[in-house]
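A short write-up of the structure that comes next.
Every number here is computed from the coordinates shown, using simple stated rules; none is lab data. Quick caveat: nothing in here was measured; it's all calculated off a predicted structure. We place every Cβ from the backbone using ideal geometry, glycine too, and count neighbours over all the protein chains shown.
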Amino acid sequence: MPGTSREALMRDLQAVSFVLDDIALFLQTHPTDQAALRCYEKYRDLKRKAEEEYMNAYGPLREDNVFVTDRWTWADMPWPWERQG
């Protein structure tokens, strides 16, 4: 994904997520459209890569991305508005 700043990575992730949601809506009414299914798979993979790139650089995006050991660490992370670029 282009860009390396937190804001650029988040914009990339949001754009890919929007496209993925849009394709999913299309597939609700066209469930056998092979081109749409391939497109969904492509953007699903792009979203996974974008999430991984963001999390490697800036930490988890959601609580289900937190590695759980002997304590809940999600609350220890800075909130999105507390993070500095």
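Of note:
- All positions within segment 8-50 that are within 18 Å of ARG62 (Cβ to Cβ) and of a type in the set (Asp, Glu): ASP12, ASP21
- Pair list, Cβ < 7 Å and 6+ apart or interchain, from segment 8-37 residues that are touching a residue at least 12 places away in the same chain (Cβ under 8 Å) to residues that are part of a helix (DSSP H, G or I) and among the β-branched types (Val, Ile, Thr): ALA36/ILE23
- Scope segment 23-42; condition part of a helix (DSSP H, G or I) and either in contact with an Asp or Glu (Cβ under 9 Å, 6 or more places away or on another chain) or surrounded by 13 or more Cβ atoms within 10 Å (Cβ to Cβ) (or both); matching residues: ILE23, ALA24, PHE26, LEU27, ALA36, LEU37, CYS39, TYR40, LYS42
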